[in-house]
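Everything below concerns the one structure shown next.
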Amino acid sequence: HFPSMARGPEHRSSMSEALQRCSWCASADQHWLEYHDGTWGVPVDEDARLFEFLSLGNVQCGLSWKIVYSKRTAYNAAFAGFVVEKV
């Protein structure tokens, strides 16, 4: 779980909306369910979050997203919390 990225059901337009999951995470472990529910498809408008996704996307070359995302905590430390001015 990555609190900086967590955006759960409270960010849905209506709390009465039913949670729908994509087929790719139907049999996923809890880590991927949290990723799907709190990150996947959630609009990003903060500079640090945009920089984080850009950076992680760049290091993904040749790797699966699951591998890169599982190393996200280490990348966060290496990239100074993805604060552009610090990097």
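Using heavy atoms of the protein chains and a probe of 1.4 Å, the accessible area assigned to E34 is about 70 Å². Solvent-accessible surface of protein heavy atoms, probed at 1.4 angstrom with all chains present, puts R21, R49 in the order R21, R49, largest first. Take the Cβ atoms of V59 and S23, set R0 to 30 Å, and the FRET efficiency comes out at 0.70. Against the criterion of solvent-accessible heavy-atom surface with a 1.4 angstrom probe, C25, C61 sort, most first, into C61, C25.
The values are calculated or read from the model by the stated rules, or taken from the named source; none is laboratory data. Computed from a predicted model, the values in this text were never measured in an experiment. Positions of Cβ are generated from backbone atoms using ideal geometry, with glycine treated the same way; all protein chains shown enter the neighbour counts. For the accessible areas, the whole protein counts, side chains as well, though only heavy atoms, and no ligand, DNA or RNA atoms are used. Shrake-Rupley method; radii C 1.70, N 1.55, O 1.52, S 1.80 Å.
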